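Here is the structure we will look at.
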Amino acid sequence: MWDTLWLDAHLASMTVGEAPYGAIEDGAIAVEGGRIAWVGRRVDLPGRPEALAREVRSCGSRWITPGLIDCHTHIVHGGDRAHEFELRLKGARYEEIARAGGGIRSTVAATRAASEAALYESARRRIADLQAEGVTTIEIKSGYGLDRESEARMLRVARRLGATLPLTVRTTFLGAHALPPEFDGRADAFIEFLCQDILPSAAAEGLVDAVDAFCERIGFTLGQTRKVFEAARGLGLPVKLHAEQLSDQGGAVLAAAYGALSADHLEYLSEAGARAMAAAGTVAVLLPGAFYFIRETRLPPVDLLRREGVRIALATDCNPGTSPMTSILLVLNMAATLFRLTPEEALAGVTREAAAALGLGASHGTLEVGKAADFVLWNITRPAELAYRIGGNPAALAVRGGQPLWPAMRS
Ligand code: DI6
Ligand code: FE
């Protein structure tokens with residue numbers, strides 16, 4: 001007998017098939033032991049609902065999607081950069097601020113100074129915004145500590161958020177995010193220390209699910225990124241890359257050569273980069289919040305990605321400098337309005353494709369038997385509404401591992 005049977009719902013299963021959104025009208029989902037035990041049309045249920053499950057719940061004709069996945073965040077960090085925002089509005093550019101010691105470095109100072117408890121609490125609040133919109137899985141990067149102890153502290157906070165909240169957390173080590181002040185002018189030495197010491201010690205503590213780097217003029221070179229990837233490979237860890245955000249450094253080609261789970265940003269992606277990603281199965285993670293916030297004008301090459309068959313995911317990039325954003329629904333809207341993704345591509349980008357970008361494609365991201373019973377009930381009449389609206393929150397109920405996240409459905 002199943003634990004729970006959810007009835008009177010339309011399902012946007014997000015499986016790849018004939019129907020847009022993998023839609024199943026008048027569907028049902030059965031949950032057993034935190035996983036999806038049955039999913040399909042209600043008329044195909046193998047018996048009377050009451051005979052099949054201990055608990056039968058009506059969804060009131062709502063739509064159900066998979067739990068949403070934010071696959072690229074820097075959500076654990078100290079302080080904020082509202083002041084830098086003011087400076088930019090008076091004319092300073094992001095790269096200028098970064099070169100003048102502001103930018104990422106000011107967040108590094110604030111993060112180093114913050115206690116583990118303070119980092120946990122500020123991240124928990126930001127995560128609460130995401131959860132309210134149906135996010136059940138997030139990725140969290142380090143990269144504002146940049147020394148052994150502070151990087152480990154960020155990742156421990158990420159692990160604790162996953163252990164204490166109804167949320168699946170994947171951690172990514174982003175030690176190669178910026179050059180810490182104590183290594184000024186010695187980027188190669190920092191990368192050496194990172195690969196020999198900071199990364200192995202974080203990995204030994206079980207804090208690292210994947211390894212990332214910021215390959216950019218204001219970040220690290222292709223050669224330095226390769227060293228980080230070699231170190232990750234030596235530890236048996238998958239890689240990802242901040243690639244081609246502000247310029248074409250050839251990062252996507254390198255990432256693909258290492259079988260990266262994803263290459264992220266990609267406004268300046270070349271054809272060669274897209275082809276390499278397609279061949280390697282590397283997911284493109286687009287971050288419209290950062291594009292919008294720094295007023296980038298170069299669009300990521302969405303048509304090229306489609307043509308080459310590169311999978312496209314979306315995320316908030318929640319970070320204090322370039323995307324102080326905690327709304328996954330706004331990401332959907334921005335991806336549609338700014339990048340011209342269809343609402344279906346946008347929803348796939350925060351479900352099926354985001355799961356793939358985290359290496360969780362087998363267990364998350366679609367409504368399919370055997371996968372985690374993570375799903376969201378929505379007060380909408382068609383799935384396109386999720387990308388259509390600006391502001392407002394139609395989430396009626398989020399369910400993770402079969403457990404509702406809040407006591408009653410919102411209408
Ligand atoms: N790309 C970004 O957009 C963020 N990091 C990165 O590698 C910016 C991080 C920051 O400015 O604090
Ligand atoms: Fe980022």
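Of note:
- Largest to smallest principal axis extent of the C-alpha atoms in the stretch 206-279, angstrom: 35, 28, 18
- Folded to 0 to 90 degrees: helix 271-280 orientation relative to the chain principal axis, Cα: 60
- The fraction of Cα-Cα pairs per 20 angstrom bin, counted from 0 for the chain, comes to 29, 56, 14, 0 percent, rounded to whole percents.
- Cα point-scatterer Debye curve for the stretch 256-324, base-10 log of I(q)/I(0) at q = 0.15, 0.19 Å⁻¹: -0.46, -0.70
- Unit Cα scatterers, Debye sum, the stretch 26-83: log10 I(q)/I(0) for q = 0.21, 0.27 Å⁻¹: -0.92, -1.32
- Distance from the stretch 270-293 to the stretch 389-411 (C-alpha centre basis), Å: 31
- Inverse mean reciprocal Cα-Cα distance (Kirkwood Rh) of the stretch 291-346, Å: 12.0
- Taking only the Cα atoms of the stretch 229-363, the ratio Rg/Rh comes out at 0.94, with Rh defined as the Kirkwood radius.
- Share of carbon and sulfur in the accessible area of the stretch 12-67 stands at 48%, probe radius 1.4 Å.
- The share of C-alpha pairs in the stretch 341-389 whose separation exceeds 13 Å stands at 60 percent.
- Nonpolar atom fraction for the stretch 193-270, defined as the carbon and sulfur part of the 1.4 Å probe accessible area, stands at 52 percent.
- Largest GNM mean-square fluctuation among Ala346, Ala255, Ala51, using the chain with Cα springs under 10 Å: Ala51.
- Residue-normalised accessible area of the chain, given per residue in Å² at a 1.4 Å probe: 38
- The stretch 13-91-the stretch 336-375 distance, computed between alpha-carbon centres (Å): 9
- Eligible lysines near Lys141 by straight Cα distance, threshold 29 Å, same-chain separation 8 or greater: Lys227, Lys240, Lys371
- Mean projection area, nm², convex hull over Cα of the stretch 161-261: 7.0
- Volume per residue of the C-alpha convex hull in the stretch 296-404, rounded to whole Å³: 129
- Inter-label distance for Glu18 and Ala100, nm, one decimal - labels placed 7 Å from Cα along Cα-to-Cβ: 6.1
The values are calculated or read from the model by the stated rules, or taken from the named source; none is laboratory data. Not measured: the values here are computed from a predicted model. Note that each Cβ is placed from the backbone with ideal geometry, even for glycine, and that neighbours are counted across all protein chains shown. Each accessible area value is taken on the protein alone, full model and side chains, heavy atoms only, with ligands, DNA and RNA left out. Shrake-Rupley method; radii C 1.70, N 1.55, O 1.52, S 1.80 Å.
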